[in-house]
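Here the structure is laid out as structure tokens; the discussion comes afterwards.
The values are calculated or read from the model by the stated rules, or taken from the named source; none is laboratory data. Everything numeric in this text was worked out from a predicted model, so none of it was measured. Please note: Cβ atoms are built from the backbone with ideal geometry, for glycine as well, and neighbour counts cover all protein chains shown. We work out accessible area using only protein heavy atoms, side chains counted, and drop any ligands, DNA or RNA first. Shrake-Rupley method; radii C 1.70, N 1.55, O 1.52, S 1.80 Å.
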Amino acid sequence: MAPTLEQKPLRDTHGRTIKYLRISVTDRCDLRCRYCMSEKMTFLPRSKLLSLEEIAIIAERFIARGVTKIRLSGGEPLVRRDVAELVQRLGHNIGSGLEELTMTTNGTRLAQHADAMVDAGIRRVNVSMDSRDPERFRYITRHGDVSQVIGGIYAARDAGLAIKINMVALKGFNEDEIGPMLAWCRDEGFDLSLIETMPLGAIDEDRTDRFLPLTKVFEDLGQQFTLARDAHKTGGPARYWNVDGTKTRLGLISPLTANFCDGCNRVRLTTEGKLYMCLGHDDQVDLKAALREGGTAGLDEAIDAGLFAKPKAHDFRIGQGEGPAVARHMSVTGG
């Protein structure tokens, strides 16, 4: 007997099983980080977005077919009206196929939403924060207030959420803060993931000027901290180290100096319903059209077509004269 679609694993042509779905619930954000967005962004009209009901239907179809982890992102997911309803609905799937529901946020609205997130079943969040210095933070985000973000982080911790800080390592900008950031995370009981800047979308600066290889960063941190390899895995691309014998973990996400594609187990759904199989490629299938025109059967066919087209690896390169790997900004695909 042929397996049903619920039993049929989400496996690509390279033998990788997809267990992880990242969903961008909005391309909008209340910050304008320089490495992520242009100062004057053109966002999608609301008429082109998936409804929250459609996002839930698609997510639940992936769960039925074997996805065990979902991460909500953006843009900034908490700027979308009624996103709490989506979180609540998806949270009902925890223990019924879904093992974990998480979120990546910039933290500006975390204080208002932390308790509701915990009630819905979220147990940890990633907070993007590249500097704790008020002036630097304002510069990189173009207008953000770091005290608001840090207040949100503490409110989330008090509500019971585990915290991981995501920090993009930027040469000549925040490299002197990486050691102090790790020390702060260690002292506060947070994890820290360091990320190499990625060539996604046209921005107002040359990324080459800011590219900081994490190989060098890790070497420097090894002089300041005792770092022991940790086998911890979260379903994402980071490699982890334990810090000074504490519970704090340091994660490195190195798409350029240490390609992480061999074990890729994820796909990304955009806010307008496009399923991207790879952050660094433009191949995609339109799940919104498939769902609206063909219902669940059409959705399954589109998902299978997407998995068939999933590439073996991304095509990120960075250097003088190199354009972005893809035209879309990170906020479109979801972080």
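Quick notes
- Of note, Ile178 does not satisfy the criterion of being of a type outside the set (D, E, K, R), farther than 18 Å from Val146 by Cα and touching a strand residue (DSSP E or B) at 6+ places or on another chain (Cβ under 9 Å).
- Index of the failed condition, Arg28 passing every other in (1) surrounded by fewer than 23 Cβ atoms within 10 Å (Cβ to Cβ); (2) part of a strand (DSSP E or B); (3) not hydrophobic (A, V, I, L, M, F, W, C): (2)
- Per-region count, segment 1-45, residues modelled with pLDDT of 85 or more and among the basic types (Lys, Arg): 6
- Filtering Leu227, Leu214, Leu192, Leu252 for residues that are within 27 Å of Lys69 (Cβ to Cβ), touching a helix residue (DSSP H, G or I) at 6+ places or on another chain (Cβ under 8 Å) and modelled with pLDDT under 95 leaves a single hit, Leu252.
- When we screen Gly294, Gly306 for residues that are of a type outside the set (A, V, I, L, M), modelled with pLDDT of 65 or more, surrounded by 19 or more Cβ atoms within 10 Å (Cβ to Cβ) and within 24 Å of Ala56 (Cα to Cα), the only hit is Gly306.
- Condition broken by Lys171, with the remaining ones in (1) touching a residue at least 40 places away in the same chain (Cβ under 8 Å); (2) under 22 Å from Leu252 (Cα atoms); (3) out of contact with any Leu (no Cβ under 7 Å at 6 or more places or on another chain); (4) surrounded by fewer than 21 Cβ atoms within 10 Å (Cβ to Cβ) satisfied: (3)
- The set of residues from segment 104-147 being of a type in the set (S, T, N, Q) and either surrounded by 17 or more Cβ atoms within 10 Å (Cβ to Cβ) or in a loop (DSSP other than H, G, I, E, B) (or both) comprises Thr104, Thr105, Asn106, Thr108, Asn126, Ser128, Ser131, Thr141.
- Any hit, segment 62-77, residues being open to solvent by less than 50 Å² (accessible area, probe 1.4 Å), within 20 Å of Lys274 (Cα to Cα), of a type in the set (A, V, I, L, M, F, W, C) and out of contact with any strand residue (DSSP E or B) (no Cβ under 6 Å at 6 or more places or on another chain): yes
- The single residue among Asp130, Asp187 that is free of Cβ contacts under 8 Å to residues at least 12 places away in the same chain and over 16 Å from Gln112 (Cα atoms) turns out to be Asp187.
- Residues (part of a loop (DSSP other than H, G, I, E, B) and of a type outside the set (D, E, K, R)) located in segment 81-103: His92, Asn93, Gly95, Ser96, Gly97
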